[in-house]
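First the structure, in the form of structure tokens, and then the observations on it.
The values are calculated or read from the model by the stated rules, or taken from the named source; none is laboratory data. On a predicted model such as this, the values are computed, not experimentally measured, just so you know. Neighbour counts run over all protein chains shown; Cβ positions are idealised from the backbone, glycine included.
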């Protein structure tokens, strides 16, 4: 169970880090919908949990590249979490 807790803490840190990066990249762009810290955290949490509502999307090229990374990160964390739970 320690592995799962460590994984979830790491994922939480990555969500906060991703929100900071996305806010920095997107907040200055005039067409961006991500213009507050809460918007950035909402985007990061929805992307990492693979929900992806689509209500907030990055509009800059750098933001879209980061988004691709976070999509794959979310699927990876989900797969690792399930495998840790399955081996218990």
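Annotations for the structure displayed:
- Counting the residues of the range 42-54 that are exposed (fewer than 14 other Cβ atoms within 10 Å of the Cβ) and part of a helix (DSSP H, G or I) gives 0.
- Complete set of residues in the range 1-11 that are part of a helix (DSSP H, G or I) and either in contact with a helix residue (DSSP H, G or I) (Cβ under 7 Å, 6 or more places away or on another chain) or at pLDDT below 90 (or both): 2, 3, 4, 5, 6, 7, 8, 10, 11
- Sole residue being out of contact with any helix residue (DSSP H, G or I) (no Cβ under 6 Å at 6 or more places or on another chain), surrounded by 13 or more Cβ atoms within 10 Å (Cβ to Cβ), without any contact (Cβ under 8 Å) to a residue 40 or more places away in the chain and within 28 Å of residue 6 (Cα to Cα), chosen from 35, 39: 39
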